Amino acid sequence: MPYLPSYGGYVRYLVGILLTVLIGRQAIVSLQRYLDRQKAAEALPDSQRRRTLSYDVALARLDKGVCPGCERPVDLKDPSRDFCPHCGIGLFNHCGACSARKSAFSRFCHACGTQASPENSEMA
Ligand SMILES: [Zn+2]
Ligand SMILES: [Zn+2]
């Protein structure tokens with residue numbers, strides 16, 4: 001029966017195409033949803049966005065050299081860079097007590113130990 005194997009191959013081929021299309025569509029839909037969420041998050045004010053970010057998530061992202069807000073790569077070692085150039089979230093600010101430049105995500109000033117209240121980071 002020479003017909004059956006080729007028919008099976010044809011079906012496999014079709015199923016392969018169908019699966020590729022379905023998976024591709026799913027990927028596009030979820031990417032679109034992700035981008036929409038990202039866009040909505042980027043529209044929020046800076047301070048509100050920082051509040052919605054978990055402290056540990058923010059630290060882990062900073063550790064990887066990506067913006068905690070938008071997860072795009074940022075040069076954290078550049079001292080002139082206080083804000084993410086991609087989404088505008090504040091990355092560094094100045095301590096309200098000793099005005100040392102510190103990570104906007106740290107809870108305490110590394111120089112004097114003053115607790116970084118949201119008001120302090122707002123001012124800087
Ligand atoms: Zn960003
Ligand atoms: Zn300080």
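The values are calculated or read from the model by the stated rules, or taken from the named source; none is laboratory data. Only a predicted model underlies this, so the values are computations on that prediction, with no experimental measurement involved. Note that we place each Cβ from the backbone using ideal geometry, even for glycine, and neighbour counts take in every protein chain shown.
Looking at the stretch 74-103, which of its residues are free of Cβ contacts under 8 Å to residues at least 40 places away in the same chain and among the hydrophobic types (A, V, I, L, M, F, W, C)? Residues satisfying the conditions are Val74, Leu76, Phe83, Cys84, Leu91, Phe92, Cys95, Ala97, Cys98, Ala100.
Within the set Ser80, Ser99, the sole residue that is of a type in the set (Ser, Thr, Tyr), exposed (fewer than 10 other Cβ atoms within 10 Å of the Cβ) and closer than 19 Å to His110 by Cα turns out to be Ser80. Based on what the data block shows, is Leu22 part of a helix (DSSP H, G or I) and at pLDDT 95 or above? Spelling it out, Leu22 is indeed part of a helix (DSSP H, G or I) and at pLDDT 95 or above. Looking at the stretch 63-73, is at least one residue touching a residue at least 24 places away in the same chain (Cβ under 8 Å), within 10 Å of the chain's Cα centre (by Cα), more than 20 Å from Arg101 (Cα to Cα) and in the same structural domain as Ala116 (by TED's automatic domain parsing)? Among the residues of the stretch 63-73, at least one is touching a residue at least 24 places away in the same chain (Cβ under 8 Å), within 10 Å of the chain's Cα centre (by Cα), more than 20 Å from Arg101 (Cα to Cα) and in the same structural domain as Ala116 (by TED's automatic domain parsing), which makes the answer yes.
Results for (1) in a loop (DSSP other than H, G, I, E, B); (2) within 16 Å of ligand 1 (Cβ to nearest atom); (3) modelled with pLDDT of 85 or more; (4) not basic (Lys, Arg), shown as yes or no for each residue.
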| residue | (1), (2), (3), (4) |
| --- | --- |
| Ala41 | no, yes, no, yes |
| Ala58 | no, yes, yes, yes |
| Gly69 | yes, yes, yes, yes |
| Cys98 | yes, no, yes, yes |
| Asn120 | no, no, no, yes |
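Among the residues of the stretch 30-41, is any surrounded by 10 or more Cβ atoms within 10 Å (Cβ to Cβ) and in contact with an Asp or Glu (Cβ under 7 Å, 6 or more places away or on another chain)? Looking for residues that are surrounded by 10 or more Cβ atoms within 10 Å (Cβ to Cβ) and in contact with an Asp or Glu (Cβ under 7 Å, 6 or more places away or on another chain), one finds none in the stretch 30-41, hence no. Given the condition β-branched (Val, Ile, Thr), away from ligand 2 (no atom under 16 Å from the Cβ) and surrounded by 15 or more Cβ atoms within 10 Å (Cβ to Cβ), answer yes or no: does some residue in the stretch 44-52 qualify? Scanning the stretch 44-52, I find no residue that is β-branched (Val, Ile, Thr), away from ligand 2 (no atom under 16 Å from the Cβ) and surrounded by 15 or more Cβ atoms within 10 Å (Cβ to Cβ), so the answer is no.
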